[in-house]
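Reading through the structure tokens given below for one structure.
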Amino acid sequence: PDELTHPDDLEFVLAEIQKTILSPNYKPTLEYRFRKKTGEWLWIESKVSNLFGNSNVNGLVINFKEIAERKAFTENLLRSEERYRLTQAVGNIGSWEYNVNEHKFWSSPQLYHIFGIDENTADKNAEIESCVHNNDFIQQSLRQLIENNKPYDITYEITRKSDSKKRILKDVAMLYLDAASKPELVR
């Protein structure tokens, strides 16, 4: 590994191999760069197993596969998510999702900022609801979207938690159906 592992990844790879040698039950999956015959660096995933206890093997077994495409896809996805977060921050636009089956809300960090809520607050959804002046109207609009696929394009007033300033929000949502055409997600 000293000659073929990328210098920036070598310390990590050697430490994981050492752990595997010392703890036979430890079987790490590693992602790192490995030199090809051409001298180029290739991203690989390795699974390391300590088989010193197996007399037929008496050594480490390292299975690996090339993951350059997956790595590039993941990096592009992370860049895209960062652009999305930045766009929301610059535009002062928040987003949310409601999983109909699990009855769970998710909100973007920018939405918490709009409502003046600390992201570390334990029950952020309750904090958001406490800022809304007419929560029944919002709940009714959401139910109509889910049950009857009626348009959800509403305007309502909030009072921000952080500074008690009143704001008017415009909220637009769409219903997404599952493969059986049942309500699955509101976004």
Next on the checklist: Show me, for the stretch 79-89, the HN-Hα J-couplings you get by feeding each phi into the Karplus relation (A = 6.51, B = -1.76, C = 1.60, θ = phi - 60°), rounded to Hz, glycine and proline as x.
Outcome noted: 4, 5, 5, 5, 4, 4, 4, 5, 4, 5, 5
Item to check | Residue among Thr74, Tyr176, Gln88 farthest towards the positive dipole end of the chain, charges placed on Cβ | outcome: Tyr176
Checklist entry - How large is ³J(HN,Hα), in whole Hz, for each residue of the stretch 115-120 in order, when computed from phi with the Karplus curve 6.51 cos²θ - 1.76 cosθ + 1.60 and θ = phi - 60°, using x for Gly and Pro? => result 7, x, 10, 5, 4, 8
Checklist entry - With point charges of +1 on the Cβ of Lys and Arg and -1 on the Cβ of Asp and Glu, referenced to the Cα centre of the chain, which listed residue (Leu60, Pro109, Ala122) lies farthest in the positive direction of the dipole? => result Pro109
Next on the checklist: With a 1.4 Å probe and all protein chains kept in place, how do Leu42, Leu145, Leu177 rank by accessible area, largest first?
Outcome noted: Leu177, Leu42, Leu145
Checklist entry - How many Å² of accessible area per residue for the chain, probe 1.4 Å? => result 68 Å²
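How large is the charge dipole for the stretch 62-112, taken about the Cα centre, if only the Cβ atoms of Lys, Arg (+1) and Asp, Glu (-1) carry charge, to the nearest 20 debye?
In debye, rounded to 20, the stretch 62-112 gives about 80.
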Next on the checklist: Using DSSP to call loops (not H, G, I, E or B), can you name the GluC sites (Glu not before Pro) in the stretch 1-108 whose Cβ has at most 10 other Cβ atoms within 10 angstrom?
Outcome noted: Glu3, Glu40, Glu102
Next on the checklist: Heavy atoms of the protein only, probe of 1.4 Å, neighbouring chains included. What is the accessible area of Asp136 in Å², nearest 10?
Outcome noted: 120 Å²
Checklist outcome for this item: Dimensionless Rg/Rh of the stretch 66-187, both radii on Cα and Rh by Kirkwood, sits at 1.03
Checklist outcome for this item: Measuring from its Cα centre, the chain shows a charge dipole (+1 at each Lys and Arg Cβ, -1 at each Asp and Glu Cβ) which, in debye to the nearest 20, is 220 debye
Checklist entry - Which sequence of Thr87, Thr5 reflects their accessible areas, 1.4 Å probe, from the largest down? => result Thr87, Thr5
Checklist entry - Ignoring ligands, DNA and RNA, what percent of the 1.4 Å accessible area of the chain is carbon and sulfur? => result 51 percent
Checklist entry - Is the stretch 21-111 best put as rounded, prolate or oblate by its Cα gyration tensor, with a ≥ b ≥ c the root eigenvalues, rounded for a/c under 1.5, and otherwise prolate when a/b is larger than b/c, oblate when not? => result oblate
Checklist entry - Using modelled backbone amide H atoms (1.01 Å from N, in-plane), which distant-in-sequence or interchain residues come within less than 5 Å of Phe52's amide H? => result Gly59
Item to check | Lys, Arg +1 and Asp, Glu -1 on Cβ, resulting dipole of the stretch 110-153 about Cα centre, debye, nearest 20 | outcome: 200 debye
Checklist entry - How about the stretch 115-171: which GluC sites (Glu not before Pro) there lie in a loop by DSSP and see at most 11 other Cβ atoms within 10 Å? => result Glu119
Checklist entry - In deg cm²/dmol and to the nearest 500, what is the mean residue ellipticity at 222 nm of the chain if only DSSP H runs of at least 4 residues count, each as -39500 (n - 2.57), divided by the residue total? => result -12000 deg cm²/dmol
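The values are calculated or read from the model by the stated rules, or taken from the named source; none is laboratory data. Since the structure is predicted, the reported quantities are computational estimates derived from the model, not experimental observations. So basically every Cβ, Gly included, is an ideal-geometry build from the backbone, and we count neighbours across all protein chains shown. Keep in mind that these areas ignore ligands, DNA and RNA; they rest on the heavy atoms of the full protein, side chains included. Shrake-Rupley method; radii C 1.70, N 1.55, O 1.52, S 1.80 Å.
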